[in-house]
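Step one of this worksheet: look at the structure below.
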Amino acid sequence: MREDSGRGWRHVVPSPKPKHVCDISLVDALVKRGTIVIAGGGGGMPVIRDERGVRTGVPAVIDKDLTSAHIANVLGIEELLILTAVPRVAINFGKPDKRELDQVSLAQIKAYHREGHFPPGSMGPKVDAAIRFLEGGGKRAIISHLNCAMAALTGETGTHIVP
């Protein structure tokens, strides 16, 4: 059990990085037919194969943002939109010198991340996913507010992270 940022206590389990999405070929086939597919919500349940090849769930949770980045890389998707509760990623968040980021390079976002600007359990996983997506061949990762999705896609808002 761990205290959750003033929101009470929660059960904590490991959060391994996604390595493979079961039946990803089905998602690919649906996308190629023009279907809007919702996949990887909540990150999904991690599984392992036993000695007989049967999948068995394990007590852990896969991060939804890393799962989305992984799926996008596997399917060759060039742009990833990560939706959250703020319009842009910020450095010095909650401080007088807070600065929202519009467009930032992969190298610069990694430097900000190393400096500790994106804590785990907050913006950290979203920035991790954007980095992983770009390092896996993506062309642009966007982080923005759920209500600003279309405006973020057209470049009017959001943080746009590019290689």
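The values are calculated or read from the model by the stated rules, or taken from the named source; none is laboratory data. Keep in mind it's a predicted model, so treat the numbers as computed, not measured. Don't worry about glycine lacking a Cβ; one is built from the backbone with ideal geometry, like all the others, and counts go over all protein chains shown. Note: accessible area is taken over every heavy atom of the protein model, side chains too, but ligands, DNA and RNA are not part of it. Shrake-Rupley method; radii C 1.70, N 1.55, O 1.52, S 1.80 Å.
Could you tell me which of the residues LEU134, LEU106 is within 24 Å of LYS19 (Cβ to Cβ) and open to solvent by less than 20 Å² (accessible area, probe 1.4 Å)?
Numbers: LEU106 fails: open to solvent by less than 20 Å² (accessible area, probe 1.4 Å).
Answer to the selection: LEU134.
Which residues, taken from region 113-131, are farther than 18 Å from VAL86 by Cα and in a helix (DSSP H, G or I)?
Listed by number, the residues that qualify are ARG114, ILE131.
Would you mind stating whether THR154 is open to solvent by 20 Å² or more (accessible area, probe 1.4 Å), among the polar types (S, T, N, Q) and over 20 Å from GLY42 (Cβ atoms)? Let's see the steps before the verdict.
Working: open to solvent by 20 Å² or more (accessible area, probe 1.4 Å): yes; among the polar types (S, T, N, Q): yes; over 20 Å from GLY42 (Cβ atoms): yes.
Answer is yes for this residue.
For residues that are more than 17 Å from the chain's Cα centre (by Cα) and either touching a residue at least 12 places away in the same chain (Cβ under 8 Å) or surrounded by 18 or more Cβ atoms within 10 Å (Cβ to Cβ) (or both), tally how many sit in region 87-100. Working first, answer last.
Taking region 87-100 and keeping what is more than 17 Å from the chain's Cα centre (by Cα), we get 91-100.
Among the residues that remain, those that are also either touching a residue at least 12 places away in the same chain (Cβ under 8 Å) or surrounded by 18 or more Cβ atoms within 10 Å (Cβ to Cβ) (or both) are: 91-93, 100.
So the answer is 4.
Just one of ALA29, ALA69 is of a type in the set (A, V, I, L, M), within 22 Å of MET123 (Cβ to Cβ) and open to solvent by less than 90 Å² (accessible area, probe 1.4 Å); which is it? Explain how you work it out, then say what you get.
Working: ALA29 fails: within 22 Å of MET123 (Cβ to Cβ).
Criteria check complete, one pass: ALA69.
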